[in-house]
């Protein structure tokens, strides 16, 4: 079976209904905990990791900005991203801006990062 929705709703439905036994989803997909899906190991590294990469206008770059982005990157884990996705997903989801602000506050970035 071929499903071409990039690991979206059709793929998840196929997994939940048993039409598909395995699929490629983003590891941060809210559908994983919501549907009690099991994440398989990839010991052969067949699936490349999708890493978050901050992009900055070259006129705005600075050592301080790099330090701030490094600090955020150190705290922003795959599990944390999955929690954020779950929080903002579905009809009862939290407003993404509120979820992001809460994450910023909870991780100590709600005040200036010292140079």
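Each reported figure results from applying straightforward, stated rules to the coordinates on display, with no laboratory input. Note that this is a predicted model, so its numbers are computed, not measured. Cβ atoms come from the backbone with ideal geometry, glycine included; neighbour counts cover every protein chain shown.
Per the Debye formula with a single identical scatterer at each Cα and no solvent contribution, what log10 I(q)/I(0) holds for the chain at q = 0.19 Å⁻¹?
For the chain, the Cα-only Debye profile gives -1.12.
Tell me the relative contact order for the chain as a rounded percent, counting alpha carbon contacts under 8 Å between residues six or more apart.
On the way: 57 pairs, mean separation 27.2, N = 115.
It rounds to 24 percent for the chain.
By counting other Cβ atoms within 10 Å of each Cβ, how are 36, 64 ranked from fewest to most?
Numbers: 36 7, 64 12.
Listed from fewest to most nearby Cβ atoms, that is 36, 64.
Could you tell me how many degrees, from 0 to 90 and to the nearest 10, lie between the Cα long axis of helix 78-88 and the main elongation axis, the longest principal axis, of the Cα atoms of the chain?
Taking the Cα atoms of the chain, the angle to 78-88 is about 80 degrees.
In deg cm²/dmol and to the nearest 500, what is the mean residue ellipticity at 222 nm of the chain if only DSSP H runs of at least 4 residues count, each as -39500 (n - 2.57), divided by the residue total? It would help to have the intermediate numbers written out before the result.
Values: 5 runs with 48 residues, N = 115.
Helix-only estimate at 222 nm: -12000 deg cm²/dmol.
How high is the relative contact order of region 1-63, in percent, counting Cα pairs under 8 Å that sit 6 or more residues apart? List each step's numbers first, then the result.
Working: 23 pairs, mean separation 12.2, N = 63.
It comes to 19 percent, rounded to a whole number.
Step by step: find N for region 1-52, compute 2.2 N^0.38 Å, then divide the Cα radius of gyration by it. What's the final number?
Details: Rg = 11.1 Å, N = 52, 2.2 N^0.38 = 9.9 Å.
Cα-based Rg divided by the globular estimate yields 1.13.
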